[in-house]
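Below you will find the structure I want to go over with you.
The values are calculated or read from the model by the stated rules, or taken from the named source; none is laboratory data. In this text the structure is predicted, and so the values were computed from the model without any measurement. When we count neighbours, we look across all protein chains shown, and the Cβ atoms used for this are built from the backbone with ideal geometry, even at glycine. The area values use the complete protein model at the heavy-atom level, side chains included, leaving out ligands, DNA and RNA. Shrake-Rupley method; radii C 1.70, N 1.55, O 1.52, S 1.80 Å.
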Amino acid sequence: MLQSLRTVFARRAALNPRLYPALCSVDGVSSTKRFYSPSNERKKFYENVSISQGDGGFEINLDRRKLRTPLGKVFMVPTEPLALAVATEWDSQKDTIKFFTMHLTTLCNTVLDNPTMRNKEQLITASLKFLDTDTICYRVEEPPDLVELQKNAWDPVLNWAEKRYDVVIGSSTSIMGPVIPSKTKEVFHRHLASYNSWALLGIEYITTQLKSLILSMGLVDRFLTVEKAVVLSHLEEDYQIQRWGNVAWAHDFDIHELCARTAAGTLFIHLCSSSTTVKHKLLQN
């Protein structure tokens, strides 16, 4: 079974290599693997994990050595909460460092090394393109019970998004999907542009997981929980499974993994957008 799980991870890494770089190195000793590999486990080589404030951000220290990215850059994140969360990932490793459990570290490495050399505008475009093929905008014409299920489950989210952003989105049973008005795309573009590059990488990450920008923004705005967003993104698949059954363990494993990645991406967005300045000022007062 373990080999089967590793095969699943390997296939996902192959489909999304940009989102799964090798985790990191310490003091310039870089990994020879550019991308994430599920079998890339390493014996734990450190005792203590700490964070320290450097010029322009917060660093992670393994014992007395600075953590570095796969390309040898000092692993530095913009906020203290994000540094604490990443440090917790490293501190929770036992005898073996299991890289595939460290989603926040992986996302940070992707931003810091930027292997595809994308700028902020390209990150916005990457998420915005999902609006044309958004999961909750594609509806079926039959069977009636699935039509009703989609309406009851997806319409409230669609209505929320249209009201929240003051736009028209709509849905369609056509294989081409709904025609999204250019004004709607402009509004979402402006909204995405209000985030920094770190948060935009996180938005793209969860949008890729859920195949839905609308569900992703519902998560970011705290309209949806992670569990609810994942259920809504798999609505049709779960309907088919209830009718025809599924592989004994594969589906549950996939859902747990999707929840873990989606939760990590959502947490990443909030942590890299937060600031400790006000907190420190309040403490001083």
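Which one of these does Pro115 not meet: (1) in a loop (DSSP other than H, G, I, E, B); (2) touching a residue at least 40 places away in the same chain (Cβ under 8 Å); (3) open to solvent by 40 Å² or more (accessible area, probe 1.4 Å)?
The one condition Pro115 does not meet is (3).
Follow-up question, since we're still on this one. Which residues, counting only those in the stretch 70-101, are surrounded by 22 or more Cβ atoms within 10 Å (Cβ to Cβ), more than 14 Å from Lys44 (Cα to Cα) and modelled with pLDDT under 95?
The one that is surrounded by 22 or more Cβ atoms within 10 Å (Cβ to Cβ), more than 14 Å from Lys44 (Cα to Cα) and modelled with pLDDT under 95: Pro70.
Is at least one residue of the stretch 245-253 closer than 21 Å to Ile269 by Cβ and either of a type in the set (A, V, I, L, M) or part of a loop (DSSP other than H, G, I, E, B) (or both)?
Taking every residue of the stretch 245-253 in turn, none turns out to be closer than 21 Å to Ile269 by Cβ and either of a type in the set (A, V, I, L, M) or part of a loop (DSSP other than H, G, I, E, B) (or both).
If I go through the stretch 132-154 residue by residue, how many of them are out of contact with any Leu (no Cβ under 7 Å at 6 or more places or on another chain) and either open to solvent by 50 Å² or more (accessible area, probe 1.4 Å) or free of Cβ contacts under 8 Å to residues at least 12 places away in the same chain (or both)?
Counting residues in the stretch 132-154 that are out of contact with any Leu (no Cβ under 7 Å at 6 or more places or on another chain) and either open to solvent by 50 Å² or more (accessible area, probe 1.4 Å) or free of Cβ contacts under 8 Å to residues at least 12 places away in the same chain (or both) gives 12.
Among the residues of the stretch 56-67, is any open to solvent by 20 Å² or more (accessible area, probe 1.4 Å), at pLDDT 95 or above, farther than 16 Å from Thr105 by Cα and assigned to a loop (DSSP other than H, G, I, E, B)?
yes
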